[in-house]
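First the structure, in the form of structure tokens, and then the observations on it.
The values are calculated or read from the model by the stated rules, or taken from the named source; none is laboratory data. Worth saying up front: this structure is predicted, and the values here are computed from it rather than measured. Ideal geometry is used to build each Cβ from the backbone, glycine not excepted, and the neighbour counts take in all protein chains shown. Quick note on the areas: whole protein, heavy atoms, side chains included, nothing else; ligands and nucleic acids left out. Shrake-Rupley method; radii C 1.70, N 1.55, O 1.52, S 1.80 Å.
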Amino acid sequence: AKDLGGGIFHTYEPQLHVEAEERRVMEIALRRAQSNGELHLAYQPVVASETGAVEGFEALLRWTNPQLGNVPPDKFIPLAEQARLIGTIGEWVLRTACREAAHWPPHVRVAVNVSFEQLHNRNFAKMVSSVLAETGLPPQRLELEVTESVFMNEAPHAIAVLKELLALGIKLSLDDFGTGYSSLSYLSRTKFSTIKIDRSFVRGASNNTPENVAIIRAVVALAESLDMSTTAEGVENEDELAMVRRLGCRKVQGYLFGRPMNATDARALATGKMRS
Ligand code: C2E
Ligand code: CA
Ligand code: CA
Ligand code: CA
């Protein structure tokens with residue numbers, strides 16, 4: 001084994017172990033990312049499909065490590081979940097996003113992604129409540145995004161936590177809708193404000209595939225009948241916008257309206273659009 005410094009040892013093992021080794025190196029770096037100031041948030045606008053007015057921003061976590069560079073969230077979030085780091089990292093994300101959003105105009109919301117693992121914590125709602133008190137952000141301006149995975153494998157505790165969150169007055173939205181394999185029965189048991197239609201259905205909308213159109217149309221009808229709003233994710237061009245608008249999606253999010261941006265630019269955009 002060769003000492004790479006910082007307690008990281010590289011052992012020369014078969015190819016099979018290379019990936020595991022990479023994960024281990026990444027996990028060690030991730031453990032220190034927060035205290036080393038390597039994490040920051042990027043904010044992506046969510047706009048009204050009819051007017052283009054900014055209704056809010058989704059906070060997206062970014063990690064820049066001196067050795068590993070910019071690690072994509074699709075890589076490090078699952079690792080944070082497995083390594084039980086998502087609790088502390090998620091709390092940092094929430095506090096940072098709420099602190100920033102407290103400076104936005106009063107009708108602009110912030111959406112924060114919450115992993116299933118975070119809902120295992122019995123004190124999760126209590127933590128959210130104290131972050132709101134500490135930052136002064138009114139609860140109705142916070143939206144927490146959860147995926148269908150919360151409802152798989154019978155998770156009564158997670159559902160109880162969602163109820164506590166609703167009691168605080170915050171909004172819940174259902175992320176990546178249509179990509180999980182869960183039944184729809186949970187929709188009647190938890191009050192979501194918004195269903196976010198995964199971009200896999202929106203992408204290809206320019207090809208106007210009848211399947212995508214049918215799925216989006218059905219989700220919009222379902223949401224409306226349950227008094228929920230819809231957001232189309234990943235809208236990249238005018239054709240896709242025209243389609244999701246025609247199908248009745250109330251909000252849109254995607255590169256067409258803005259890439260995830262830093263807090264300063266987000267604040268400027270929020271303020272500019274809100275001035276009348
Ligand atoms: P998500 O919650 O579905 O977030 C939307 C993702 O789509 C973001 O990727 C965003 O940059 C990307 N996106 C937005 N508009 C477009 C578009 O027009 N075209 C394309 N191709 N992509 C678009 P990102 O930032 O890489 O995040 C990936 C995933 O990582 C998120 O998916 C979410 O599941 C997770 N994630 C990010 N931040 C957090 C966090 O703070 N906590 C947790 N638990 N998960 C997070
Ligand atoms: Ca999301
Ligand atoms: Ca999503
Ligand atoms: Ca996603």
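The trypsin sites (Lys or Arg not before Pro) found in the stretch 88-130 that occupy coil by DSSP, while having at most 14 further C-beta atoms within 10 Å, are R122. Between the stretch 78-114 and the stretch 188-248, the C-alpha centres lie 25 angstrom from each other. Considering the chain at the alpha-carbon level, its Rg and Dmax are found to be 19.8, 65 Å.
For the chain, which whole-number percentage of the solvent-accessible area (1.4 Å probe, protein heavy atoms only) is attributable to carbon and sulfur atoms?
C and S atoms contribute 51 percent here.
Computed over Cα pairs, the Kirkwood radius of the stretch 139-183 leads via Stokes-Einstein (0.890 mPa s, 25 °C) to a diffusion coefficient of 220 µm² per second.
Remark on the stretch 55-195: ratio of C-alpha radius of gyration to 2.2 N^0.38 Å is 1.04. Within the shell defined by Cβ-Cβ distances under 13 Å, the residues around A223 carry a net charge of +3, with Lys and Arg each +1 and Asp and Glu each -1.
Rounded to the nearest angstrom and ordered from largest down, what semi-axes does the equivalent ellipsoid of the stretch 197-276 get from its C-alpha gyration tensor (root of 5λ)? Write out the running numbers ahead of the final one.
On the way: eigenvalues 129, 49, 20 Å².
Equivalent ellipsoid semi-axes, largest first: 25, 16, 10 Å.
Scanning the chain for chymotrypsin sites (Phe, Trp or Tyr not before Pro) in DSSP loops with at most 11 other Cβ atoms within 10 Å, what's the longest stretch left with none? Before the final figure, lay out each step's value.
Values: sites that count: Y12, Y181.
The longest uninterrupted stretch comes out as 13-180.
Once you treat every alpha carbon in the stretch 144-219 as an equal point and sum by Debye, what is log10 I(q)/I(0) at q = 0.15, 0.19 Å⁻¹? Each listed q corresponds, in turn, to -0.56, -0.81.
Expressed in Å, the radius of gyration and Dmax of the Cα atoms of the stretch 175-242 are 12.1, 36.
Helix-only arithmetic for the chain: the sum of -39500 (n - 2.57) across DSSP H runs with n ≥ 4, divided by the residue total, places the mean residue ellipticity at 222 nm at -12000 deg cm²/dmol. Put a dot 7 Å past the Cα of E19, heading toward its Cβ, do the same for A160, and the two dots end up 3.7 nm apart.
As a ratio to 2.2 N^0.38 Å, the alpha-carbon radius of gyration for the stretch 40-138 is 1.17. All Cα-Cα separations within the stretch 125-276 were binned at 5 Å from zero, giving a P(r) of 2, 8, 16, 18, 18, 17, 13, 7, 2, 0, each value a whole percent of the pairs. Karplus-based coupling profile of the stretch 217-223, in residue order and whole Hz: 4, 5, 5, 4, 5, 4, 4, with θ = phi - 60° in 6.51 cos²θ - 1.76 cosθ + 1.60 and x standing for Gly or Pro. Here the chain carries DSSP beta bridges of which approximately 45% are antiparallel, counting only pairs with both residues inside. Once the Cα atoms are used to define both axes, helix 263-274 deviates from the longest principal axis of the chain by about 10 degrees.
Looking at the stretch 129-160, which GluC sites (Glu not before Pro) are DSSP coil and have at most 10 other C-beta atoms within 10 Å of their C-beta?
Values: sites: E134, E143, E145, E148, E154; in loops: E154.
Sparse-neighbourhood loop GluC sites (Glu not before Pro): E154.
Picking from T51, T264, T96, which is most flexible by a Gaussian network model of the chain using Cα springs under 10 Å? Fluctuation is largest for T51.
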